[in-house]
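Report on the structure given below.
The values are calculated or read from the model by the stated rules, or taken from the named source; none is laboratory data. All figures in this text were calculated on a predicted structure; none of them were measured in a lab. Every residue, glycine among them, receives a Cβ derived from its backbone with ideal geometry; neighbour counts consider all protein chains shown.
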Amino acid sequence: MKVEKILEYQNLDRELFKIEKQISENANKKMAEQLHESMKVAQARSVKLEERAKDLLGEIDKVKKQCKIQEDKLNEFLSMDIEKMNKNDAEKLNNLKDKLNQNLNILEKNLTTLAESMNAVLADFNKTIKTFNSAKDEYSKRKDAYETEVKNIEKEKSEINKRLSQLAMSVDSDIMEAYQKKRNEKVFPVLVPLKGKFCGGCNTELPLATLTNLIKDGIITCEHCRRLVYNTHQ
């Protein structure tokens, strides 16, 4: 089997492979992907912070209501005339007022702690939103830069694909199918020469039966790396 056409195809395909690699390893593309992940993380965190802020507001509202109840009771006791009470009732009233004051102090401390937590959540939320917006702006710039670079080489890529399609018509369909299968796995080169008794792709020694078929057919598939091996002396 003549291998000139498939080798010609691969030599042209090499240019396309370089372009594909250039696109996949593009610095702007990689940075845009990283920024997109940062945006997703920031967005998820902002949602959690919003939920936490909502919970805190609920807790603050409960504490404020409890404070109001305690204050109303305390004012009620303060409005009573102790002088008209007997000693025992007056002592009970003072004890109740002391208890109410203690409860109010505890509630006020809880309210202060909740307020501090709320301030921390709001600060974290604002920082997260700032991070998101910054990442979004940079992502947009990187994405546009990447798309511009791809657009600039799209014409060259299209021309190579057109020439490859024309060449493919002159290559044995079975060989072309085997070539494309390996090529789709991003392995290159697909077609490698025989080096002594070894595959030119993975350097595995080929069995005698395989070498016999190679001499007869001109191209065989390496059982180890699945590349197409051709005989340079045929």
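For region 44-56, name all the residues that are loosely packed, with under 15 Cβ neighbours inside 10 Å and touching a helix residue (DSSP H, G or I) at 6+ places or on another chain (Cβ under 9 Å).
Going residue by residue through region 44-56, those that are loosely packed, with under 15 Cβ neighbours inside 10 Å are 44, 47-48, 50-51, 54-55.
Within region 44-56, just Glu50 meets the criteria.
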For region 61-78, name all the residues that are modelled with pLDDT under 85 and aliphatic (A, V, I, L, M). Leu74, Leu78
Restricted to region 165-184, and to residues that are in contact (Cβ under 8 Å) with a residue 12 or more places away in the chain and among the hydroxyl-bearing types (Ser, Thr, Tyr), which residue is farthest from Arg227 (Cα to Cα)? Ser170
Please go through region 2-11 and pick out each residue that is surrounded by fewer than 16 Cβ atoms within 10 Å (Cβ to Cβ) and either of a type outside the set (Asp, Glu) or closer than 21 Å to Ile153 by Cβ (or both). Lys2, Leu7, Asn11
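Let's see how each residue does on (1) part of a strand (DSSP E or B); (2) farther than 28 Å from Glu20 by Cα; (3) not aliphatic (A, V, I, L, M):
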| position | (1), (2), (3) |
| --- | --- |
| Met176 | no, no, no |
| Lys181 | no, no, yes |
| Lys186 | no, no, yes |
| Pro189 | no, no, yes |
| Leu194 | yes, no, no |
| Asn203 | no, no, yes |
| Ala209 | no, yes, no |
| Cys225 | no, no, yes |
Could you tell me whether any residue of region 165-172 is of a type in the set (Asp, Glu) and in a helix (DSSP H, G or I)? no
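Okay, residues lined up against (1) within 26 Å of Lys48 (Cα to Cα); (2) surrounded by 14 or more Cβ atoms within 10 Å (Cβ to Cβ):
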residue	(1), (2)
Lys64	yes, no
Lys68	no, no
Lys73	no, yes
Leu78	no, no
Ala90	no, yes
Leu100	no, yes
Leu107	no, yes
Residue list for region 138-179, restricted to those being among the aliphatic types (A, V, I, L, M) and touching a Lys or Arg at 6+ places or on another chain (Cβ under 8 Å): Leu167, Val171
Identify, from the list Leu49, Leu35, the residue that is assigned to a helix (DSSP H, G or I), among the aliphatic types (A, V, I, L, M) and under 30 Å from Asn110 (Cβ atoms). Leu49
